[in-house]
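Notes follow the structure.
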Amino acid sequence: MKHQPIVFALGPRPDLDALAEEFARTGVISIPNILEEDCAVALHNLLRGRDDWSQVINSGDRLVELDRKTRAGMDSAKLKQLDDAVYAQARYEFQYRYETVRVPDGQRERRKSKDPLAAFADWWSNGEPRDLLRKITGFAEIEFADAQGTAYSPGDFLTGHSDDVDGKGRLAAYVLNLTPRWRVEWGGLLIFHDEANAQVSGLTPDFNRLNMFRVPQVHSVTEVSRAAAFRRYSITGWLRAKAQ
């Protein structure tokens, strides 16, 4: 698959000190217009135009990965059986279902790749973008950002979890939202759980908005409604302390 190169550029950030103060106080930040408009539009077009998405579903600790060709070849009975299994586990256990395009973690592999997603991940992990992320989060030890393209279709979701995995060096999680039009009623909201006080708070997937939070925090992504007119596209990952 041949992709057009993308010029990556951050939007102006006169509010940088205020963002850093808010993240230090709350551990959560939502930043509008994180990229220059043309860059955000190009990334959306890249994600929407790809055909190499794979659906990822967990079955307990096991990962099931299905490309679009495989799913297209499944009959209605098999698709229903898979849906039933996903929702059965989601009732009581950790469960997710969405589509992904993976990006290598290593800088060498990223720079050898011709995929603009790999080029974005390399850019996001160095220079001005990394300085910005370090400033906002207060984590001077950020070495790189891992990344993946994600697409949530109607019925996709991610149940509550904390992102805390030993040995990964995860300092903060981020969601760079890349769907130009989205309604709150369509779901796909990033929700933070405060079970002690029986409360939740959430962030919407507005276009060109960076949602970011300190790890660990219990959070989930609400199910995308059948009413949604588009997939919920984003680039997601973690800001990490250990280079690969």
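Coordinate-derived values only; no laboratory data. Everything numeric here is computed off the predicted structure, so don't read it as measured data. Positions of Cβ are backbone-derived with ideal geometry, glycine not excepted, and every protein chain shown enters the neighbour counts.
Here the ratio of the Cα radius of gyration of segment 145-196 to 2.2 N^0.38 Å is 1.36. Judged by the gyration tensor of its Cα atoms, with axes a ≥ b ≥ c, segment 59-103 is oblate; a/c meets the 1.5 cut and b/c is at least as large as a/b. Classification of segment 162-244 by its C-alpha gyration tensor yields an oblate form. The axis ratio a/c (a ≥ b ≥ c) is 1.5 or more, and b/c is at least a/b.
To one decimal place, what orientation-averaged projected area in nm² is obtained for the convex hull of the Cα set of segment 1-67?
On the way: hull surface 29.9 nm².
The number I arrive at for segment 1-67 is 7.5 nm².
Near the amide H of Ala172, within less than 5 Å, lie the amide hydrogens of Val215, Leu239, all on another chain or at least 5 residues away, with H placed in the peptide plane.
Label positions at Glu37 and Arg226, each projected 7 Å from the Cα along the C-beta direction, are separated by 3.7 nm. Applied to segment 15-21, the Karplus parametrisation 6.51 cos²θ - 1.76 cosθ + 1.60 on θ = phi - 60° returns per-residue 3J(HN,Hα) values of 9, 4, 5, 5, 5, 4, 5 Hz, with x for Gly and Pro.
Taking a straight Cα-Cα cut-off under 21 Å and skipping sequence neighbours fewer than 8 places away in the same chain, the lysines within cross-link reach of Lys78 are Lys69. Taken about its Cα centre, segment 24-100 carries a charge dipole of about 260 debye when Lys and Arg each add +1 at the Cβ and Asp and Glu each add -1 at the Cβ.
How much net charge surrounds Leu16 when only other residues with a Cβ under 13 Å from its Cβ are counted (Lys, Arg +1; Asp, Glu -1)? Can you show the working numbers first?
On the way: positive: Arg13, Arg134, Lys135; negative: Asp15, Asp17, Glu21, Glu22, Glu128, Asp131.
With Lys, Arg at +1 and Asp, Glu at -1, the neighbours total -3.
Each Lys and Arg contributes +1 and each Asp and Glu -1, all at the Cβ; summed about the Cα centre of the chain, the dipole is approximately 700 debye.
Of the residues Pro5, Asn177, Ala228, the one whose Cα sits farthest toward the positive end of the charge dipole of the chain, with +1 on the Cβ of Lys and Arg and -1 on the Cβ of Asp and Glu, is Pro5.
Would you calculate a helix-derived [θ] at 222 nm for the chain, using -39,500 (n - 2.57) for each DSSP H run of n ≥ 4 and dividing by the full residue count, to the nearest 500? Spell out each step's value before the answer.
Details: 7 runs with 70 residues, N = 244.
Roughly -8500 deg cm²/dmol at 222 nm, from the helical runs in the chain.
Each label was represented as a point 7 Å from its Cα along the Cα-to-Cβ direction; for Asp52 and Ala90 these points are 2.8 nm apart.
Could you tell me which of Asn58, Ala24, Ala42 has its Cα farthest along the dipole of segment 19-66 towards the positive end, charges placed at Cβ (Lys, Arg +1; Asp, Glu -1), taken about the Cα centre? Working it through, the farthest residue towards the positive pole turns out to be Asn58.
Let me spell out the model: positive unit charges on the Cβ of Lys and Arg, negative unit charges on the Cβ of Asp and Glu, origin at the Cα centre of segment 1-45. What dipole size does that give, in debye rounded to 20?
Numbers: 3 positive and 7 negative charges, 51 e Å.
Computed charge dipole of segment 1-45: roughly 240 debye.
Using Cα springs under 10 Å in a Gaussian network model of the chain, which residue among Gly202, Gly27, Gly127 shows the largest mean-square fluctuation? The residue that fluctuates most here is Gly127. Residues in segment 48-65 carry Karplus couplings, in order, of 5, x, 7, 10, 9, 6, 10, 7, 10, 9, 8, 10, x, 8, 8, 9, 10, 10 Hz; the curve used is 6.51 cos²θ - 1.76 cosθ + 1.60 with θ = phi - 60°, and Gly or Pro positions show x.
Label sites at Ala18 and Glu141, each approximated as a point 7 angstrom past Cα along Cα to Cβ, lie 3.1 nm apart.
Rounded if a/c is under 1.5, else prolate if a/b beats b/c, else oblate: with a ≥ b ≥ c from the C-alpha gyration tensor eigenvalues square-rooted, which is segment 101-229?
Working: a/c = 1.96, a/b = 1.33, b/c = 1.47.
Since a/c reaches 1.5 but b/c is at least a/b, the shape of segment 101-229 is classed as oblate.
Each of Tyr96, Phe192, Phe139 was scored by the projection of its Cα onto the charge dipole of the chain, and the greatest displacement toward the positive side belongs to Tyr96; charges sit on the C-beta of Lys, Arg, Asp and Glu.
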